[in-house]
Amino acid sequence: MNRTENPEFWRSIYQAGKTGWDLGAPSPVFERLVQHRQIPPGKMIVPGAGRGHNARLFAAHGFEVTAVDFAPEALAEMRRLNTPEHPIILLEADIFGLPPHLSHTFHYVLEYLCYCAIPPSRREEYADVVTRLLKPNGFYIALAFPIGEYSGGPPYAVSIPEIIELFTARGFDLVLQECPPDSPAPRRGREELLVLWKRTPRHTSF
Ligand SMILES: C[S@@+](CC[C@H](N)C(=O)[O-])C[C@H]1O[C@@H](n2cnc3c(N)ncnc32)[C@H](O)[C@@H]1O
């Protein structure tokens, strides 16, 4: 087992306060998406949600959001930051072992910094999980980071051609690909890319 597949690995990072990936707020890219009403509210799931900043952003805009993480510290933080006005549903679980009743129930899967946290050897499986969670015509919204070519991780390097291959093979149509002008400065430019995929009904095998 790769060490990043073990919740204990992530627990120790949270306990040591070494969560350098955490912006302490939602991504400005997602803020723009919701504020400009580019996507209508619906049921959303956020795998590897961490402290849940992005999950709460969408909940505050009328989405019904389920946030999943397998690190108890992340869940404790999401519980602490959850609000009664716009609550998110919390699920302490491994994304590779989600209960079957969640299959095909979401309009959106929101991805930020989970794909780069799982071992690259499980990316096919990750794409299967996303496919299984979405309703037909649902959307996979991914802010891909860090795009590059290097070995080691996490974060493991993200390859856009690889993502395109994974999701095209599962019947997704790429509806948006954007180099966001509003990514936080260190991530802006070639390292971060917003991609929006629609799961087309012709693929219903998962
Ligand atoms: C780099 S952090 C990103 C957190 C959050 N998405 C953000 O943008 O701040 C990766 C998160 O994914 C969680 N994670 C990694 N593998 C997971 C898995 N197989 N199932 C559930 N959560 C996982 C970790 O516990 C950690 O909270």
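Coordinate-derived values only; no laboratory data. Keep in mind it's a predicted model, so treat the numbers as computed, not measured. No Cβ is skipped: glycine too gets one built from the backbone with ideal geometry, and neighbour counts run over all protein chains shown.
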With r as the distance between the Cβ atoms of Leu102 and Glu64 and R0 = 22 Å, compute the FRET efficiency 1/(1 + (r/R0)^6) and round to 0.05. 0.95
Using only Cα positions of region 1-68, each an equal point scatterer, no hydration layer, compute I(q)/I(0) via Debye at q = 0.23, 0.28 Å⁻¹ and quote the log10 values to two decimals. -0.99, -1.24
Among Thr66, Pro47, Ala93, pick out the residue whose Cα is farthest towards the positive end of the charge dipole of region 43-139, where Lys and Arg carry +1 and Asp and Glu carry -1 on C-beta, about the Cα centre. Thr66
Reachable lysines from Lys198, Cα under 28 Å, same-chain residues fewer than 8 places away excluded? Lys43, Lys135
dims of region 74-148, Cα set, principal axes, largest to smallest, nearest Å -> 37, 30, 21
Within the chain, percent of DSSP bridges classed antiparallel, to nearest 5: 40
Unit charges on C-beta of K, R, D, E only; dipole of the chain, Debye: 360
So how do 138-151, 94-107 stack up, highest first, on mean other-Cβ count within 10 Å? 138-151, 94-107
How do 9-22, 157-170 rank on mean C-beta neighbours within 10 Å, highest first? 157-170, 9-22
Under a plain spin-label model, where a point goes 7 Å from the Cα along Cα-to-Cβ, how far apart in nm are Thr168 and Met1? 3.6
For Lys18, go through the aspartates and glutamates and keep the ones whose alpha-carbon is under 20 Å away, minus same-chain ones fewer than eight residues off. Glu5, Glu8, Asp69, Glu73, Glu77
Between Val175 and Arg188, the two model label points (7 Å from Cα along the beta-carbon direction) sit apart by a distance in nm of 2.8
Protection proxy ranking, peptides 111-121, 182-192, 53-63, average beta carbon neighbours within 10 Å, highest first: 53-63, 111-121, 182-192
Approximate shape of the chain as ellipsoid semi-axes (Cα gyration tensor, √5λ), whole Å, largest first: 22, 20, 19
